[in-house]
Amino acid sequence: MAYVAVKGGERAIEHAHAWLAEERRGDPALPELTVAQVEQQMSLAVDRVMAEGACFDRGLAALAVKQARGDLIEAAFLLRAYRTTLPRFGASMPLDTGAMRVRRRISATYKDLPGGQVLGPTFDYTHRLLDFALAAEGEPPPPAPESPAEAAAMPRVTGILAQEGLMAAEPHSEAEPGDLTREPLAFPADRPLRLQALARGDEGFLLGLGYSTQRGYGNAHPFVGEIRLGEVAVEIVPPELGFAIEIGDLTVTECQMVNQFAGSRTEPPQFTRGYGLVFGHGERKAMAMSLVDRALRAAELGEDAEAPAQSQEFVLYHCDNVEATGFVEHLKLPHYVDFQSELEKLRQLRATAMQEAAE
Amino acid sequence: MSTATGYNFAYLDEDTKRMIRRAILKAVAIPGHQVPFGSREMPLPYGWGTGGIQVTASIIGPQDRLKVIDQGADDTTNAVSIRRFFARVAGVPTTERTSEASIIQTRHRIPETPLREGQILVYQVPMPEPLFRLEPRVAETKRLHAMADYGLMHVRLYEDIARHGHIAISYNYPVMVNGRYLMAPSPIPAFDNPKMDRMPALQLFGAGREKRIYAVPPYTAVRSLDFEDHPFEPVRAKAACALCGSRESYLDEVVTDDRGGRMFLCSDTDYCGERQAAVQRDAAE
């Protein structure tokens, strides 16, 4: 009877999941994708999943991409749900991105600068023409030409500006930053917390918000001071040793956006910084993040804060795609109890309205 | 049932459970007040019961017997999924009988069978803030709660009456808890609201995505907002259950054909099943 069809069942779930597994595998006549292949050849998908999944592990992120059939938000969700079960035995020292082993470093504000411009592996300046040769499996491309690495240090552009007093200094603090995975956000949220939320936030959402600040929703005048991509060492200080030891490397993308600031009663005009840092190679995300970070500083810099990207609650409560996808997709769950009470209420309201119309 | 290897009892680690229990204790001490807590990512999606699951996970023990319902029914897909989750990670016995359960996790309903002392009803809550449609800024609603400034909601209800002649809220109908805090009862039908008032069981509310826990301790006054000349009116379909004949229970409307055919059935499957069994027993005697 109809009743049975309405309610789901244990067997239905099992069968649906079996079907899902079959769909994930695709045509069994074709070789199965290995996790290592995903990790190596879908590396930017893996990077995005690590960033939004807030867990730096290429192998696990690649597994998540495979398991999620390439649905990157689903993959980030898988990684988050794994991450949350991991014991937390300490916090690292702050990363020193100034000491990064740089693979790419560009500045849009200076033609040349100490350490030089390093283009690195980038889609920039490629022509977006489908390469039909890739459709056929062939030999790996010849190795890219190499030149000896420059030994010169690569000072950060924002540091160069700061030397001249043109860049607003960031307040220095030894205080332990909050942790939004342990304490729920409260508003106003301080900048470390905002940056945490943005770092794991959805690339698409932040891209749209960052874009909106360029189109007049928020008063942005940004320049890319510097984008750098490379490996940085992670150090911890084990309590039993009392000094820092290196425990591994992270690949990160850092973007420092230089923005105008008109000055205020207490501050002279100067540049201010928007900051973006993401796991892996994620330039679009790092740039969008730095635009939104700067927009969110409007209130503290005494600027008008009326655009969506300048509203802390709007941005931080809605940038997490695991939260957002869960709540949007929960609308698929049955709501017939509430819908029933809406039906009865609507019938009652309509009866009252019709009666009044008839009188 | 065996528990999943590699995970702690009931999935969450013990430190997390302790943190959640502290939030619950505070919530019980301040009935209706939303307590922020360090909500964890769960292996089920936000909006699908992560708050309720975390509350249940932190209070459940091996001696407990768990019932999970969604839309009043034990066999809805999400209820099945959550019940399986706890069977898998905690290995606790589960039940579909309201009277047998020590913990009942629910989405959108309160069981028809009255709950008793010692039982805990865990609600899954999508939006813990009763004022969010009137004031989306959490920092601002916090201030309104601190000052017990609930004028916004009263004006909203008044406007409904002025426009429609009735209060037009049919579910998630706002309640005043212990005469102090305005509270969202979660999207249960307004029909269920009176069951919250002075309920002998402990009522816990978990909102995972919004990272809030709140509670109504046993025997606490819970009043649905209304006006003297427009008293609160719970709504249910004016029909009897086609299976058990109940005229008191909340009914689901089932469309039986495309010519306007309708059938009404108890939304609470355990209640309905018990009543049918009682009828059969009587007939057999």
- line: One finds the C-alpha centres of region B:227-274 and region A:244-311 to be spaced, in Å, by 55
message: Projecting each Cα onto the charge dipole of the protein assembly as shown (Lys/Arg +1, Asp/Glu -1 at the beta carbon, about the Cα centre), which of A:Thr325, B:Ala57, B:Val177 comes out farthest on the positive side?
response: B:Val177
Built amide H within the under 5 Å cut-off of B:Cys266, gap 5+: B:Ala242, B:Leu243, B:Cys244, B:Asp252
- prompt: Among the GluC sites (Glu not before Pro) within region A:1-82, which fall in a DSSP loop and have no more than 14 other Cβ atoms within 10 Å of their own Cβ?
  reply: A:Glu32
field: Sparsely packed trypsin sites (Lys or Arg not before Pro) within region A:251-341, loop by DSSP, other Cβ within 10 Å at most 13
entry: A:Arg265
message: Stokes-Einstein diffusion coefficient for chain B at 4 °C in a medium of 1.567 mPa s, Rh from the Kirkwood formula over Cα pairs: what value in µm²/s?
response: 65
query: Using helices alone, what [θ] at 222 nm do you get for chain B, with -39,500 (n - 2.57) per DSSP H run of 4 or more residues, divided over all residues and rounded to the nearest 500?
result: -9000 deg cm²/dmol
message: Let's test the formula: R0 of 35 Å, r as the Cβ-Cβ distance of A:Ala144 and A:Ala244. What FRET efficiency results, to the nearest 0.05?
response: 0.50
message: Taking the number of other C-beta atoms within 10 Å as the exposure measure, put B:Val68, A:Val118, B:Val175, B:Val222 in order starting with the fewest.
response: A:Val118, B:Val222, B:Val175, B:Val68
- prompt: Long-range amide H contacts for B:Tyr171: which residues qualify at under 5 Å (H placed 1.01 Å from N, peptide plane, sequence gap of 5 or more or a different chain)?
  reply: B:Ala190
- line: Taking only the alpha-carbon atoms of the protein assembly as shown, the convex hull volume per residue, in cubic angstrom, is 240
query: Cα centroids of region B:132-160 and region A:52-100: how far apart, whole angstrom?
result: 39
query: Using Cα pairs under 8 angstrom and six or more residues apart, how large is the relative contact order of chain B, in percent?
result: 21
task: Compute the label zone of A:Leu86 within region A:31-57: residues whose backbone N is under 12 Å from the point 7 Å along Cα-to-Cβ.
output: A:50-51, A:53-57
Of the trypsin sites (Lys or Arg not before Pro) in region A:80-169, those whose Cβ has at most 11 other Cβ within 10 Å and which sit in DSSP loop: A:Arg88, A:Lys111, A:Arg128
- prompt: In cubic angstrom, how much convex hull volume per residue do the alpha carbon atoms of region B:96-234 span?
  reply: 107
statement: Under the Karplus relation with 6.51, -1.76 and 1.60 and θ = phi - 60°, whole-Hz ³J(HN,Hα) for region A:67-82, x at Gly and Pro, equal 5, 8, 6, x, 7, 6, 6, 4, 5, 4, 4, 4, 5, 4, 5, 6
- line: Filtered hits (aspartates and glutamates, Cα-Cα < 18 Å from A:Lys66, offset >= 8 within chain) -> A:Glu22, A:Glu23, A:Asp27, A:Glu32, A:Glu39, A:Asp47, A:Glu52, A:Asp57, A:Glu74
statement: Row for chain A, column shape: gyration tensor on C-alpha, a ≥ b ≥ c, rounded if a/c < 1.5 i.e. under 1.5, prolate if a/b over b/c, else oblate; value oblate
- prompt: Short version: ³J(HN,Hα) in whole Hz for each residue of region B:138-147, in order, from phi by Karplus 6.51 cos²θ - 1.76 cosθ + 1.60 (θ = phi - 60°), x for Gly and Pro, what are they?
  reply: 5, 4, 6, 5, 4, 5, 4, 5, 4, 9
field: Relative exposure of A:Ile13, A:Ile106, B:Ile167, B:Ile110, judged by other C-beta atoms within 10 Å (fewest first)
entry: A:Ile13, A:Ile106, B:Ile167, B:Ile110
- prompt: Semi-axes of region B:1-60's equivalent ellipsoid from the Cα gyration tensor, sqrt of 5 times each eigenvalue, largest first, rounded to whole Å?
  reply: 22, 13, 9
- request: Tell me which residues come under 5 Å, amide H to amide H, from A:Thr181 once H is placed; ignore anything under 5 positions away on its chain.
  value: none
message: For region B:85-220, what does the relative contact order come out to in percent, with C-alpha contacts under 8 Å and a separation of six or more?
response: 28
query: Over 24 Å between Cα atoms, which of B:Lys17/B:Lys67; A:Lys332/B:Lys17; A:Lys345/B:Lys67 qualify?
result: A:Lys332/B:Lys17; A:Lys345/B:Lys67
- prompt: How high is the relative contact order of region A:10-83, in percent, with contacts defined as C-alpha pairs under 8 Å that are six or more residues apart?
  reply: 28
task: May I ask you to evaluate 6.51 cos²θ - 1.76 cosθ + 1.60, the Karplus curve with θ = phi - 60°, for each residue of region A:38-52 and list the ³J(HN,Hα) values in order in whole Hz, giving x for glycine and proline?
output: 4, 4, 7, 9, 10, 5, 6, 5, 4, 4, 5, 5, 5, 5, 7
- line: Filtered hits (lysines, Cα-Cα < 26 Å from A:Lys111, offset >= 8 within chain) -> A:Lys285
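Just so you know, all these numbers are worked out from the coordinates, no wet-lab data involved. The structure presented is a predicted model; accordingly, all values stated were derived computationally and were not measured. Note that we place each Cβ from the backbone using ideal geometry, even for glycine, and neighbour counts take in every protein chain shown.
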